[in-house]
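Engineer: Quick one: structure below, then a few questions.
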Amino acid sequence: MNYIKFCQEMQSSVQCILGNSYKVKIIKVNKLNGVSLQSTFIENKNETVTPNIYLEEYYLQYQDGHSIEELAVDIVSKYFHFDKCAELSVLLHLDFEMVKDRLFIKLINYDKNKDLLEIMPHVRWLDLAIVFAVLVKKEDEGIGSFNIKNELMENWNVDTATIYNYAIKNTPILFGLSVRLLDDIIRESVVKKFCNTVDEEAFNTMMNTLLPKENNEKHHRMYVATNSLGINGSSVILYKEELHSLSDRLNSNLYILPSSIHEVIIVPAEDNIDKEQLLNMVKEVNETQVPIQEVLSDNVYYFNRETDEVYSLIGCKEKIL
């Protein structure tokens, strides 16, 4: 069964389970970087908020042998367990005074999202765009939020500059900053995978061979920077004070490599670093390791701690706003 037929069958099966009090649609949802996903959209007259339940992952499960009926039951279960936060969401749409301290920024690629940006207030920054969202809830496993579109901004009777000023101030407060050595993250990942199969001495020998600590102190230390949740964490490159603090601690200007919309890699700017190699590394990772809708940029950025300027290795420079 091809994907189009699968979506039609899923719609019919979910509708059959829910009955006539609900209306089940399959809608196209435009994601970042030109990606579109098919979503099961369930309408009920008593609800104002409903989840998008994407069908691509269910199609993979179908190809692995799961039945349409089994997958439809799972979709219905997700729908009824979804925390809709309907009342709060509606209030936040109506009242800017309730929203202003919940505004935050996200970074996306400008050229790859021109269609989306036509309907969203934004600020262009280098080859990126700063867009805005409202935090509805924040939990350890994730957040609930909605993006701000032009129509909503007009209903609030505010302009982009006002939204930006609140959002840029709120984002570090709402989400914080996490900066960790890449080697430490790799070690932790390997520990989780091998802790029950490799004895401690053998593990330490293996890791010291792969990631010798003495080399890390002398060459190209790499840090992963994101926010406290690791969601839309690339925006930390606009945390002016935090970047200053990190560059002072490392006693160096910084190269910033956008590994995805969720995080960036920071490298102290040493004279012997090959800038072309950095650009090639970012491009290769984006092409082979990062889902298309999570790619931020193939660029590399350079933070000058003396001037607060961020240079783009492909393009121009700007101050952190």
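Engineer: Considering only residues that are among the hydroxyl-bearing types (Ser, Thr, Tyr) and at pLDDT below 85, which ones fall in the stretch 34-83?
Structural biologist: 48, 50
Engineer: If I ask for residues that are charged (D, E, K, R), touching a residue at least 60 places away in the same chain (Cβ under 8 Å) and closer than 21 Å to residue 37 by Cα, which ones from the stretch 265-308 would you list?
Structural biologist: 294
Engineer: For a quick check of your reading of the model, give me the residue pairs whose first member lies in the stretch 235-255 and is in contact (Cβ under 8 Å) with a residue 24 or more places away in the chain, whose second is charged (D, E, K, R) and assigned to a helix (DSSP H, G or I), with beta-carbon atoms closer than 7 Å and at least 6 apart or on different chains.
Structural biologist: Every condition considered, the pairs that remain are 236/242.
Engineer: Could you list, in sequence order, the residues of the stretch 134-144 that are in contact (Cβ under 8 Å) with a residue 40 or more places away in the chain and surrounded by 14 or more Cβ atoms within 10 Å (Cβ to Cβ)?
Structural biologist: Scanning the stretch 134-144 gives 134, 136, 138, 143, 144.
Engineer: Checking residue 120 against (1) of a type in the set (A, V, I, L, M); (2) buried (at least 19 other Cβ atoms within 10 Å of the Cβ); (3) at pLDDT below 85, which test does it fail?
Structural biologist: Of everything listed in (1) of a type in the set (A, V, I, L, M); (2) buried (at least 19 other Cβ atoms within 10 Å of the Cβ); (3) at pLDDT below 85, residue 120 misses just condition (3).
Engineer: Evaluate the following for residue 296: is it closer than 17 Å to residue 313 by Cβ, of a type outside the set (D, E, K, R), surrounded by 18 or more Cβ atoms within 10 Å (Cβ to Cβ) and in contact with a His (Cβ under 9 Å, 6 or more places away or on another chain)?
Structural biologist: So residue 296 passes the test.
Engineer: Quick one: residue 126 ticks every box in (1) modelled with pLDDT under 95; (2) within 27 Å of residue 302 (Cβ to Cβ); (3) under 18 Å from the mean Cα position of the chain (by Cα) bar one, so which box is it?
Structural biologist: (3)
Engineer: Of all strands (runs of 3 or more DSSP E) completely enclosed by the stretch 218-321, which ones contain at least 3 residues that are over 20 Å from residue 127 (Cα atoms)?
Structural biologist: none
Engineer: Whether any residue in the stretch 262-285 is at pLDDT 95 or above and touching a His at 6+ places or on another chain (Cβ under 9 Å) is what I want to check.
Structural biologist: No: the stretch 262-285 contains no residue that is at pLDDT 95 or above and touching a His at 6+ places or on another chain (Cβ under 9 Å).
Engineer: Here's another thing I want to ask about it. How many residues does the stretch 35-49 hold that are under 24 Å from residue 294 (Cβ atoms) and surrounded by 14 or more Cβ atoms within 10 Å (Cβ to Cβ)?
Structural biologist: Residues that pass the stated criteria total 6.
Engineer: Now for a separate question. Against the condition hydrophobic (A, V, I, L, M, F, W, C) and at pLDDT 90 or above, how does residue 256 come out, does it pass?
Structural biologist: The answer is yes for residue 256.
The values are calculated or read from the model by the stated rules, or taken from the named source; none is laboratory data. What you are looking at is a predicted structure, and each value in this text was computed from that prediction instead of being measured. Virtual Cβ from ideal backbone geometry, glycine too; neighbours counted across all protein chains shown.
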